[in-house]
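One structure is given below, encoded as structure tokens.
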Amino acid sequence: MTNHSDNELALLWRSGKVDAYNELVNRHIDLLYRYISSRCGVASEVDDICQEVFLEVCLKINNFDPQYTFTAWLYMIAKRKVVDRFRRQKTTVEFNSDAHGGHDSRDPSLILEERESGRNAWAKVFEILSESQAMALWLRVQEQYSVGQIAATMSQSEANVKVLLFRARQRLVRESKHHTPTQYHEYSQSFL
């Protein structure tokens with residue numbers, strides 16, 4: 001199964017090949033976990049949302065359109081699940097010293113504030129930018145994807161991805177000029 005593309009695996013799974021589903025989960029679970037974690041941060045919430053995403057993928061595999069990439073479809077479902085979770089309840093962030101290697105000598109409240117600031121900055125980015133711009137920027141900054149990898153993931157040309165990234169950065173620059181400096185704006189400068 002490892003020789004097949006994601007789209008081929010999705011189509012095989014749709015036709016009843018369970019191994020294809022298992023391969024898709026193995027390929028995407030870590031990246032999906034990091035994506036969701038950056039949006040909500042509480043480990044138990046992240047686990048629940050990941051399960052919800054893959055459950056919805058199972059239930060809606062017949063709706064998958066192979067003219068688009070499986071990854072883009074998966075992340076649209078994930079984004080909706082995160083938004084749904086935030087609508088249902090306000091989440092809190094728990095401090096986990098293991099996540100910080102236990103060696104950070106800074107005050108735990110400062111570390112927590114920094115992590116929350118990063119999550120808030122990404123939430124604001126997803127509010128400000130179009131979905132495709134925000135996703136392209138996320139893949140570039142957080143996942144360190146190349147332009148080619150982003151293009152393949154989003155079913156876009158490399159030229160279009162470059163335009164999306166350029167416009168996303170320009171929009172963030174314009175937005176940051178209209179607001180007073182805050183920790184969000186300091187953090188968001190790393191996107192630019």
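What number of residues within segment 161-172 are surrounded by fewer than 16 Cβ atoms within 10 Å (Cβ to Cβ) and closer than 23 Å to Gln67 by Cα? Looking only at that region, the number is 2.
Scanning segment 1-12 for residues that are of a type outside the set (D, E, K, R) and modelled with pLDDT of 90 or more yields His4, Ser5, Asn7, Leu9, Ala10, Leu11, Leu12.
Go through the residues of segment 128-145 one by one and say whether even a single one is over 22 Å from Arg39 (Cβ atoms), in contact with a helix residue (DSSP H, G or I) (Cβ under 9 Å, 6 or more places away or on another chain) and surrounded by fewer than 16 Cβ atoms within 10 Å (Cβ to Cβ). No; the residues of segment 128-145 include none that is over 22 Å from Arg39 (Cβ atoms), in contact with a helix residue (DSSP H, G or I) (Cβ under 9 Å, 6 or more places away or on another chain) and surrounded by fewer than 16 Cβ atoms within 10 Å (Cβ to Cβ). The one condition from (1) closer than 25 Å to Gln144 by Cβ; (2) at pLDDT 90 or above; (3) among the acidic types (Asp, Glu) that Glu52 does not meet is (1). All conditions in (1) crowded, with 18+ Cβ neighbours inside 10 Å; (2) modelled with pLDDT of 80 or more; (3) assigned to a helix (DSSP H, G or I) hold for Gln149, with the sole exception of (1).
The values are calculated or read from the model by the stated rules, or taken from the named source; none is laboratory data. A quick note: this is a predicted structure, and the numbers were derived from the prediction, not measured. Positions of Cβ are backbone-derived with ideal geometry, glycine not excepted, and every protein chain shown enters the neighbour counts.
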